[in-house]
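Q: Encoded as C-alpha cells, here's the structure I'll be asking about.
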Amino acid sequence: MSEKPKIGIYWCSSCGGCEEALVDLNEAILDVVAAVDIVFWPVAMDFKYDDVRKMKDGEMLASFINGGVRLSEQEDIVKLLRRKSQLIFAFGSCAHMGGIPGLANMNDRETVFNRVYREMESNDNPEGIVPETESLVNGKYKAELPEFYNSVYPLDKIIDVDYTIPGCAPQPQTILDAFTAILEGKLPEKGSVLAPNKSLCDTCPRKDTKPDKLTIDVFRRPHLYDKLDDGRCFLEAGIICMGPATRSGCGERCINANMPCRGCYGPPDDVKDQGVRMMSALASIIQPDEEEDIQKVLETLPDRIVPFYMYGLPRSILFRRKMNK
Amino acid sequence: MSENGFEPKIVAFVCNWCSYGGADIAGNQRMNYSPNVTLVRVMCSGRVDPEFVLEALRDGADGVMILGCHPGDCHYIEGNYRTLKRYNMLKPLLKQFNIEENRVVLDWVSASEGEKFARVVQAMNERITQLGPLNWDKVSSER
Ligand code: SF4
Ligand code: SF4
Ligand code: FES
C-alpha cells in the first residue's frame with residue numbers, strides 16, 4: 001500500500017479546459033503524479049462513483065473540482081467528495097464563479113430547454129420532447145436523468161470550499177504553486193484564492209501608459225479597433241479591460257496577446273461584485289457631466305452582461321436574472 | 001399599507017450635507033411621508049457604490065433611492081456627478097436582470113427641501129406599491 005496522499009479530480013459544468021490545463025503542466029505533472037496517488041479522475045481514468053463511496057471519510061487529502069454545479073448529479077458527487085476529502089479546491093473560473101457556462105443564469109431551465117431541444121434549427125424533435133428526471137422507455141423501463149437546475153452555482157454555494165485556484169483555465173504556475181503549497185504544508189488561511197491579492201493593473205506591462213487622469217468619451221469594441229498592439233493601456237482607448245477589477249496571477253496572458261482582460265481570475269478579496277465594481281470604475285471616468293451627454297457616451301456600451309460578467313455572473317450579488325413569466 | 005397588505009421596503013441613501021437635512025425637516029415638521037423607508041446616511045451620494053444598491057435589492061428591499069445635493073452643490077464638489085454617471089451605468093444592468101426601471105431612483109434634495117423630500121419618498125412608495133414585492137431571495141433560490 002502506498003503512503004502517498006490521495007487526490008481526487010472531478011468536473012461539473014465546464015468545458016474540459018481545466019483538465020487540459022492539468023495535462024499542460026507537461027513534465028511537471030510527472031512530479032505531481034510521483035508525489036500523490038490519484039484515486040478518482042473520471043475524465044482520464046477508470047474509476048466509479050462507488051469507489052469513492054467505499055472510502056473512509058477524509059481518506060483523500062484533497063479533491064480538485066472544476067465546473068459550476070448545474071445538475072443534481074453534480075451536487076451529489078461534490079457533496080460526496082466533500083465528505084471523503086480533507087480539503088476541497090475549487091479549480092478554475094467555473095467552480096470559482098460559474099464561468100462562461102454561468103452566463104446561462106440569464107435564462108432558466110425552461111428557456112434553456114426550449115432553445116436547445118425545441119427551437120434549435122438543427123433539431124428534429126416534432127413532439128417537443130425535453131429531458132425529464134423520470135420517463136418510461138418502450139412503455140415499461142424506467143429511465144432516470146439527473147435534474148437540471150434553474151441556475152448555475154459556484155461550487156461554494158453548494159459545499160464548503162477550502163481554497164480556490166482561479167482562472168480560465170488556471171495558468172500552469174498557479175497550479176504548480178498550489179500543489180507545492182499543499183505538499184509542503186504551506187497553504188494560507190482557509191478560504192483563500194491562490195493568486196496574489198492585487199489587481200492585474202498592478203502587474204500589467206502596459207500600466208505605465210495609463211494616464212494620471214483617465215477619461216472616457218466613447219466605448220470601443222476590440223475587434224473594431226486597429227491599434228490594440230500599440231502597447232498602451234486599453235482603457236485609454238475606451239476598450240473595456242477588466243484589469244482594475246481582476247486579480248493578478250495569470251501572467252497577463254491576454255494583455256501579452258494584445259487583448260484586454262476579460263476577468264477570468266476573478267476579483268481581488270475586497271471586491272464583492274467584479275462586474276459592477278468595474279462598471280462603477282468606468283462610470284466614474286466618463287468625461288461629460290450633463291446627463292444627456294453621459295447617456296450619449298453610454299449608448300456606445302449597450303450590454304452590461306458579457307463585457308462585465310463573462311466569467312462571474314453566478315458569483316455576482318444578484319446571482320441571476322429574474323424571468324418574466 | 002396598500003389594500004393587498006403589501007408594505008414596500010424602501011432603502012434611501014441620503015447624503016449627509018443636503019438630503020439628510022431635507023429628511024430632517026420633513027421629519028420635524030411631521031410631513032406625511034412613508035414610514036417604511038429606511039434612511040441610510042452617507043457622507044456623499046458619491047459614496048453610494050452600486051454594490052450597495054444591488055446588495056439592498058438582494059437582501060429584501062423592494063426599491064432603492066439615492067438622494068444627494070443638487071448638481072453643483074455637492075459638498076465634495078464632484079461627488080454627485082459621479083453618482084449620476086454610475087446611476088446611468090447601472091440602470092441598463094437592472095433592466096437586463098428584468099428589475100423594473102422605477103425600483104431604483106436618483107434624485108436631488110437640498111437641506112432646505114423638506115417638502116420635496118416628503119414628495120419624492122411618497123411618490124416612490126406609491127410606485128413600488130403598484131409594482132409589488134421584488135422578492136429577490138425567491139428569484140435566486142428557486143432550484
Ligand atoms: S486596464 Fe488593462 S491594459 Fe490598462 S493597466 Fe489595467 S490591465 Fe493593463
Ligand atoms: S488577462 Fe484577464 S482574462 Fe486574460 S488570462 Fe489574465 S485574468 Fe484571465
Ligand atoms: S455631499 Fe451631497 S451629494 Fe455629495
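The values are calculated or read from the model by the stated rules, or taken from the named source; none is laboratory data. Just so you know, these numbers come straight off a predicted model, no measurement behind them. Here the Cβ positions follow ideal geometry from the backbone for every residue, glycine too, while neighbour counts run over all protein chains shown. Surface accessibility is based on the protein's heavy atoms, side chains included, excluding ligands, DNA and RNA. Shrake-Rupley method; radii C 1.70, N 1.55, O 1.52, S 1.80 Å.
Q: Can you tell me how many residues in the stretch A:301-325 are more than 8 Å from chain B (Cβ to nearest Cβ), in contact (Cβ under 8 Å) with a residue 60 or more places away in the chain and surrounded by fewer than 19 Cβ atoms within 10 Å (Cβ to Cβ)?
A: 1
Q: Sort through A:LEU214, A:LEU235 and tell me the only one that's within 15 Å of ligand 2 (Cβ to nearest atom), in contact (Cβ under 8 Å) with a residue 24 or more places away in the chain and not in a strand (DSSP E or B).
A: Numbers: A:LEU214 fails: within 15 Å of ligand 2 (Cβ to nearest atom).
Sole residue among the options that is within 15 Å of ligand 2 (Cβ to nearest atom), in contact (Cβ under 8 Å) with a residue 24 or more places away in the chain and not in a strand (DSSP E or B): A:LEU235.
Q: Look through the stretch A:287-310, keep the residues that are outside any loop (DSSP other than H, G, I, E, B) and closer than 18 Å to A:GLY243 by Cβ, and return whichever of them is nearest to the chain's Cα centre (by Cα). Can you show your working first?
A: Quick first cut of the stretch A:287-310, residues outside any loop (DSSP other than H, G, I, E, B) only: A:291-298, A:306-309.
Then drop every residue that is not closer than 18 Å to A:GLY243 by Cβ, which leaves A:306-309.
Details: A:VAL306: 14, A:PRO307: 15, A:PHE308: 13, A:TYR309: 10 Å.
So the residue we want is A:TYR309.
Q: Yes or no: A:ARG82 at pLDDT 95 or above, under 21 Å from A:LYS6 (Cβ atoms) and either part of a strand (DSSP E or B) or among the charged types (D, E, K, R) (or both)? Write out each step before concluding.
A: On the way: at pLDDT 95 or above: yes; under 21 Å from A:LYS6 (Cβ atoms): yes; either part of a strand (DSSP E or B) or among the charged types (D, E, K, R) (or both): yes.
Yes: the conditions hold for A:ARG82.
Q: Taking only the stretch A:238-250 into account, find how many residues are within 8 Å of ligand 2 (Cβ to nearest atom) and more than 17 Å from the chain's Cα centre (by Cα).
A: Here the count works out to 0.
Q: Which of the following residues is within 17 Å of A:VAL276 (Cα to Cα), of a type in the set (Val, Ile, Thr), more than 15 Å from ligand 3 (Cβ to nearest atom) and surrounded by 19 or more Cβ atoms within 10 Å (Cβ to Cβ): B:VAL64, B:VAL48, B:VAL11, B:VAL37? Lay out the reasoning, then the answer.
A: Working: B:VAL48 fails: more than 15 Å from ligand 3 (Cβ to nearest atom); B:VAL11 fails: within 17 Å of A:VAL276 (Cα to Cα); B:VAL37 fails: within 17 Å of A:VAL276 (Cα to Cα).
Answer to the selection: B:VAL64.
Q: Sticking with this structure for a sec: How many residues does the stretch A:276-300 contain that are within 8 Å of chain B (Cβ to nearest Cβ) and either under 12 Å from B:ASN88 (Cα atoms) or in contact with a Gly (Cβ under 9 Å, 6 or more places away or on another chain) (or both)?
A: Going residue by residue through the stretch A:276-300, those that are within 8 Å of chain B (Cβ to nearest Cβ) are A:276-277, A:279-280, A:282-284, A:286, A:289, A:291, A:294-295, A:298.
Among the residues that remain, those that are also either under 12 Å from B:ASN88 (Cα atoms) or in contact with a Gly (Cβ under 9 Å, 6 or more places away or on another chain) (or both) are: A:279-280, A:282-284, A:286, A:289, A:291, A:294-295, A:298.
So the count comes out to 11.
Q: Cβ-Cβ below 6 Å, separation at least six or inter-chain, first residue in the stretch A:246-257 and basic (Lys, Arg), second near ligand 2 (Cβ under 7 Å from one of its atoms) and part of a loop (DSSP other than H, G, I, E, B): which pairs?
A: A:ARG247/A:TYR265
Q: Out of the residues in the stretch B:70-99 that are within 14 Å of the chain's Cα centre (by Cα) and either under 25 Å from B:ASP24 (Cβ atoms) or open to solvent by 50 Å² or more (accessible area, probe 1.4 Å) (or both), which is nearest to the other protein chains (Cβ to nearest Cβ)?
A: Step by step, filter the stretch B:70-99, then rank; the result is B:LEU84.
Q: Looking at (1) out of contact with any Pro (no Cβ under 8 Å at 6 or more places or on another chain); (2) buried (at least 16 other Cβ atoms within 10 Å of the Cβ), can you tell me which one A:ASP293 breaks?
A: For A:ASP293, the failing item is (2).
Q: From the residues in the stretch A:221-237 that are more than 25 Å from the chain's Cα centre (by Cα) and open to solvent by 90 Å² or more (accessible area, probe 1.4 Å), which one is nearest to A:PRO302 (Cα to Cα)?
A: Out of the qualifying residues, it is A:LEU224.
Q: Oh, and also: Do we have any residue at all in the stretch A:96-107 that's touching a strand residue (DSSP E or B) at 6+ places or on another chain (Cβ under 6 Å), modelled with pLDDT of 95 or more and farther than 23 Å from A:LYS322 by Cβ?
A: yes
Q: Tell me which strands (runs of 3 or more DSSP E) are completely within the stretch A:96-167 and hold 1 or more residues being open to solvent by 20 Å² or more (accessible area, probe 1.4 Å) and of a type in the set (Val, Ile, Thr), or say none if there are none. Write out each step before concluding.
A: Details: elements: A:134-137, A:141-144, A:148-153, A:163-165.
In the stretch A:96-167, A:134-137 are the strands (runs of 3 or more DSSP E) which contain 1 or more residues that are open to solvent by 20 Å² or more (accessible area, probe 1.4 Å) and of a type in the set (Val, Ile, Thr).
Q: A further question on this structure: Scan the stretch A:238-260 residue by residue and report those that are open to solvent by less than 20 Å² (accessible area, probe 1.4 Å) and closer than 24 Å to A:ILE286 by Cα.
A: Listed by number, the residues that qualify are A:GLY238, A:ILE239, A:CYS241, A:MET242, A:GLY243, A:ALA245, A:THR246, A:ARG247, A:ILE255, A:PRO260.
Q: Right, here's the next one. For the structure I just gave you, tell me whether A:GLY263 is part of a loop (DSSP other than H, G, I, E, B), away from chain B (no Cβ under 14 Å), crowded, with 21+ Cβ neighbours inside 10 Å and at pLDDT 95 or above. Don't jump to the end; show me each part of the working.
A: Details: part of a loop (DSSP other than H, G, I, E, B): yes; away from chain B (no Cβ under 14 Å): yes; crowded, with 21+ Cβ neighbours inside 10 Å: yes; at pLDDT 95 or above: yes.
Yes; evaluated as a whole, the condition is true for this residue.
Q: Filter the stretch A:266-285 for residues that are touching a helix residue (DSSP H, G or I) at 6+ places or on another chain (Cβ under 6 Å) and outside any helix (DSSP H, G or I); which is surrounded by the most Cβ atoms within 10 Å (Cβ to Cβ)? So that I can check it myself, show each step before the final result.
A: Narrowing the stretch A:266-285 to residues touching a helix residue (DSSP H, G or I) at 6+ places or on another chain (Cβ under 6 Å): A:266-267, A:271-281, A:283-284.
Narrowing further to those that are outside any helix (DSSP H, G or I): A:266-267, A:271-273.
Numbers: A:GLY266: 26, A:PRO267: 24, A:VAL271: 18, A:LYS272: 15, A:ASP273: 24.
By that ranking, first place goes to A:GLY266.
Q: Also, quick follow-up: Among the residues of the stretch A:85-95, what is the count of those that are within 16 Å of ligand 2 (Cβ to nearest atom) and open to solvent by 10 Å² or more (accessible area, probe 1.4 Å)?
A: Adding up the residues that qualify gives 1.
Q: Let me ask something additional. Can you say whether A:ASP202 is among the acidic types (Asp, Glu) and open to solvent by 90 Å² or more (accessible area, probe 1.4 Å), as far as the supplied structure shows? Step through it out loud before you land on a result.
A: Details: among the acidic types (Asp, Glu): yes; open to solvent by 90 Å² or more (accessible area, probe 1.4 Å): no.
So A:ASP202 fails the test.
Q: Evaluate the stretch A:205-218: report whether one residue or more is open to solvent by less than 30 Å² (accessible area, probe 1.4 Å), at pLDDT 95 or above and within 11 Å of chain B (Cβ to nearest Cβ).
A: Yes, there is a match, as at least one residue in the stretch A:205-218 is open to solvent by less than 30 Å² (accessible area, probe 1.4 Å), at pLDDT 95 or above and within 11 Å of chain B (Cβ to nearest Cβ).
Q: Can you work out which of the residues in the stretch A:192-227 that are hydrophobic (A, V, I, L, M, F, W, C) and near ligand 1 (Cβ under 10 Å from one of its atoms) is farthest from A:HIS96 (Cα to Cα)? Can you show your working first?
A: Here is the first cut: in the stretch A:192-227, the ones hydrophobic (A, V, I, L, M, F, W, C) are A:193-195, A:200-201, A:204, A:214, A:216, A:218-219, A:224.
Of the ones still in play, those that are also near ligand 1 (Cβ under 10 Å from one of its atoms) are A:200-201, A:204, A:214.
Numbers: A:LEU200: 18, A:CYS201: 21, A:CYS204: 23, A:LEU214: 31 Å.
Selected residue: A:LEU214.
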